[in-house]
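Let me begin by presenting the structure, written as structure tokens, before commenting on it.
Read the figures in this text as sums done on the coordinates, not as results from a lab. All values reported here derive from a predicted model rather than from experimental measurement. No Cβ is skipped: glycine too gets one built from the backbone with ideal geometry, and neighbour counts run over all protein chains shown.
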Amino acid sequence: MREPILQGSEIPVVQERFDDDPEDRALRPQRMRDMVGQREVCERLAIALDASQKRRETLGHILFDGPPGLGKTTFATVIPRDLGVSFQIASGAALMAPKDVIPYLSNAEEGSVLFIDEIHRLPKAVEEFLYPAMEDFRIDITLGEGVNARTINMPLKPFTLIGATTRSGMLSAPLRDRFQMREHLDFYTIEELSEIVTRSSAKLRAAIDPAAATEIAIRSRGTPRLANNRLRWVRDYATSKADGRITHSLAQAALEMQGIDPRGLDSQDRKYLDTVIRIFHGGPVGVEAIAHTINVPPDTLEDEVEPFLLRAGLVIRTPRGRKATSDAYEHLRLKPPPSDDHPRLF
Ligand code: ADP
């Protein structure tokens, strides 16, 4: 017997907390033209938006994937603004059962956007409930229980689902295939991050030297969210220690004080590398073993720590686990073992 989805007339209230911090809100780009970098993604999206507007059709569903802090939520919020449609925001982790997603679907206005963050965390039952909603804009609701149970078919207004995930591999193929566009967001270049830092300083009314903007960009692990966070810390430091103007030496001193090294690694990143090298002799080692040793959930390592270390060439993935490269040894000022696969002269 199928579990009843809606019992009685209680429909949960849509409640979302989003950009609680007014400074976060101020720094987030509002329109697609304010987005820095991700040029190809922006160009493809601009075409899709333009075509849907010209045809007066609802934009197709879009999936964004990539490490945290690269702009998935930002894209999901600039799209409805550019289209001039309303949007709702939900988190995959909070949609535990089909009944949790019904209010969002029934509230969705024609052409509006429903953004589901962390969509890989949706339970299978919710995923399956979404299939007809995404494909045919209808849902099947079971009311009552046992012999009294009946299924009603509820039509929805055509809407656009935007999903964001740090783990596209965890999405089931049927869900993934229901997105007309799938866009992968990659790390940003130093120039792009430096541009973001410069624009953010202007929004925060903080004077910044170009060399300081570049320094913050270099130490932000290719990630706009980190660039903005680091900028805010450097701004506080410059206000407390000097006259508020962010100079290169103040930026360096502020970031050193936070434990952020010249390549942008923080203490957790270095602890990860140190563990692979010292405890596991450079690897190969499984992510669970590293996670247990440094007492951090494996998911956090996979989502937040490893993508940049892999991208920066400090770690490689092998079929038998993670391995530190000679660059990682050099970065921690350690001597690589003689059998190292990536020999380098010091
Ligand atoms: P994600 O959803 O991928 O975790 P967000 O979209 O929340 O990341 O981005 C984090 C912050 O980084 C945003 O608040 C915004 O200020 C900034 N940001 C992200 N992408 C860009 C971009 N392309 N241009 C300028 N700022 C950006």
### Task
May I ask you to list the aspartates and glutamates whose Cα is less than 17 Å away from that of K54, ignoring any residue fewer than eight positions away on the same chain?
E43, D82, E110
### Sequence-distant aspartates and glutamates (8 or more away, or on other chains) whose Cα lies within less than 17 Å of K99
E3, E10, E16, E127, E128, D140, E145
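Counting pairs of Cα atoms in segment 267-331, how many percent are more than 16 Å apart?
Here the tail beyond 16 Å accounts for 32 percent of pairs.
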### Sequence-distant residues sharing a close amide H with R322 (under 5 Å, placed H)
V285, G286, V287
#### Entry: Cα centroid separation, segment 104-162 to segment 293-326 (Å)
37
### Task
Determine the gain in length on full extension of the stretch R33-D243; use 0.36 nm per residue of separation and subtract their C-alpha separation, reporting nm with one decimal.
72.3 nm
### Message
Run the paramagnetic zone check for E330: 7 angstrom along Cα to Cβ, then residues of segment 250-287 with backbone nitrogen under 16 Å.
### Response
262-264
### Task
Would you mind getting me the FRET efficiency between R81 and R205? Use the beta-carbon distance for r and R0 = 25 Å, nearest 0.05.
0.55
### Query
What is the antiparallel percent of DSSP beta bridges lying wholly in the chain, to the nearest 5?
35
### Message
I'd like the FRET efficiency for I294 and A253, computed as 1/(1 + (r/R0)^6) with the beta carbon distance as r and R0 of 30 Å, rounded to 0.05.
### Response
0.60
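Considering all alpha-carbon pairs of the chain, what whole percent are spaced by more than 37 angstrom? Working shown, then result.
On the way: 18432 of 59685 pairs.
In whole percent, the share of Cα-Cα pairs in the chain beyond 37 Å is 31.
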### Message
So for segment 67-141, considering every pair of alpha-carbon atoms, how many percent are separated by more than 16 Å?
### Response
51
### Task
Would you mind checking the radius of gyration and Dmax of segment 124-256 based on alpha-carbon positions, in Å?
24.1, 75
### Message
When only alpha-carbon atoms are used, what values of Rg and Dmax, in angstrom, describe segment 43-182?
### Response
15.1, 54
### Query
Considering amide H positions built from the backbone, and no H for Pro or chain starts, which residues 5 or more places from I162, or on another chain, come under 5 Å of its amide H?
I62, L114, F115, I116
